[in-house]
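Only one structure is covered here, and it is reproduced in the block below.
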Amino acid sequence: MNSSASLLAVTPGEAAGIGPEILLKLARQEPVLPLLAVADAGLLRRTSQALGLDVAVIRWQPGQDWPEGGLACLHVPLARTEVPGQPDPANAKYLLETLRQAVGLLQAGVAGALVTGPVNK
C-alpha cells in the first residue's frame, strides 16, 4: 500500500442488504484499489461464497503489514448471522460499531476516506 491517505475504509452497511455484495464486487473488479472493509469477516466470506466470487477476505489490524491478494478486513463481529433480505434489529449495534471503527481509522490517519454502504433506517 502506498500511504494511509490512499486507503479507502468501507463499511458495507446492513448485513442482510446489498452492501456486502457491492463491496465484494468492487474488490473483485478493482483488485489494486486499496480497500479496507470494516465489517464482519464471516459475513463477507459467506456472501462471497454465495455469489461465487473469488475474493479472499483477510483479517487485518492497524500496525500489521498490508495483506496482498485479497480484501483486507478490520473484523467487527455481528451479533447474529445475517439472513439475506431480512434485517435483524439485533445487528443494529454492529452497524454503529462499523461506523465508529471506520471513523476512528480516519481520525488516526490510517485511512484517507470513508464510504458507507446502505443501512436500513
Checklist outcome for this item: All conditions in (1) under 17 Å from Ala15 (Cβ atoms); (2) buried (at least 18 other Cβ atoms within 10 Å of the Cβ) are true of Trp60 except (1)
Next on the checklist: List pairs: first residue in segment 67-82 and modelled with pLDDT under 95, second residue part of a loop (DSSP other than H, G, I, E, B) and among the hydrophobic types (A, V, I, L, M, F, W, C) anywhere in the structure, Cβ distance under 9 angstrom, at least six positions apart or on different chains.
Outcome noted: Pro67/Ala56; Pro67/Trp60; Gly69/Ala56; Gly70/Val55; Gly70/Ala56
Checklist entry - Looking at segment 26-67, which of its residues are within 17 Å of Ala108 (Cβ to Cβ) and in a loop (DSSP other than H, G, I, E, B)? => result Pro34, Trp60, Gln61, Pro62, Gly63, Gln64, Trp66
Next on the checklist: I'm checking my understanding of the structure. Among residues of segment 1-14 that are touching a Pro at 6+ places or on another chain (Cβ under 8 Å) and open to solvent by 10 Å² or more (accessible area, probe 1.4 Å), which one is modelled with the lowest pLDDT?
Outcome noted: Asn2
Item to check | Extreme residue, nearest to Arg80 (Cα to Cα), among residues of segment 24-54 that are open to solvent by 20 Å² or more (accessible area, probe 1.4 Å) and in contact with a strand residue (DSSP E or B) (Cβ under 8 Å, 6 or more places away or on another chain) | outcome: Arg45
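The values are calculated or read from the model by the stated rules, or taken from the named source; none is laboratory data. Here the structure is a predicted model, which is why all the values come from computation and not from measurement. Because the Cβ atoms are built from the backbone with ideal geometry, glycine has one as well, and the counts that use them run over all protein chains shown. Accessible surface is based on the protein model in full, side chains and every heavy atom, while ligands, DNA and RNA are left aside. Shrake-Rupley method; radii C 1.70, N 1.55, O 1.52, S 1.80 Å.
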